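**Q** This is the structure, below, for whatever I ask next.
Throughout, read-outs are computed from the coordinates displayed, never taken from laboratory work. No experiment lies behind these values; they were computed from the predicted model shown. Because the Cβ atoms are built from the backbone with ideal geometry, glycine has one as well, and the counts that use them run over all protein chains shown.
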């Protein structure tokens with residue numbers, strides 16, 4: 001999704017009321033960068049919010065995303081508890097997948113792109129998100145759950161648990 005963003009779209013809205021496209025891409029940069037450190041159980045500063053959108057930011061994002069995948073591919077990354085997040089590392093691994101999957105859809109909606117999430121990822125993070133949604137709403141990470149029809153697919157349900165409505 002990041003590769004398909006035109007610079008003219010950076011000030012466009014997304015389904016995340018607090019994020020324009022630029023803000024959401026910056027958030028995703030923070031996610032992929034910080035979660036590399038979290039995979040290695042290193043301390044992470046969540047307060048800094050730099051602007052990553054300069055130079056060849058699309059190529060940098062692709063590289064940072066690859067590094068994040070490699071960091072979490074190490075079996076040791078999912079062992080034990082996260083010092084930065086205060087929860088099991090395996091849970092944190094699911095959190096990053098939820099964040100990237102749902103925000104990928106948000107970017108697609110904000111930029112008019114087609115989004116097809118990986119069905120294997122959705123099959124894992126859908127049930128996880130359903131279980132975690134009440135806590136996510138308590139912490140202000142998810143909006144109120146939206147309705148979905150009984151025949152909704154797994155991705156539409158995932159979006160609903162996070163307060164979004166599949167279009």
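**Q** Among the candidates 53, 24, which residue alone is touching a helix residue (DSSP H, G or I) at 6+ places or on another chain (Cβ under 7 Å) and in contact (Cβ under 8 Å) with a residue 60 or more places away in the chain?
**A** From the options 53, 24, the qualifying one is 24.
**Q** Listed residues 90, 108, 37; which is surrounded by 12 or more Cβ atoms within 10 Å (Cβ to Cβ), in contact with a helix residue (DSSP H, G or I) (Cβ under 7 Å, 6 or more places away or on another chain) and in a helix (DSSP H, G or I)?
**A** 90
**Q** Of all residues in segment 42-62, which are loosely packed, with under 12 Cβ neighbours inside 10 Å and assigned to a helix (DSSP H, G or I)?
**A** Correct list: 59 only.
**Q** Here is a follow-up. Which residues, counting only those in segment 131-153, are loosely packed, with under 15 Cβ neighbours inside 10 Å and part of a helix (DSSP H, G or I)?
**A** 131, 134, 135, 138
**Q** Can you spot a residue in segment 126-146 that is under 21 Å from residue 1 (Cα atoms) and either in contact (Cβ under 8 Å) with a residue 12 or more places away in the chain or within 15 Å of the chain's Cα centre (by Cα) (or both)?
**A** Checked against the condition, which is being under 21 Å from residue 1 (Cα atoms) and either in contact (Cβ under 8 Å) with a residue 12 or more places away in the chain or within 15 Å of the chain's Cα centre (by Cα) (or both), segment 126-146 yields at least one hit.
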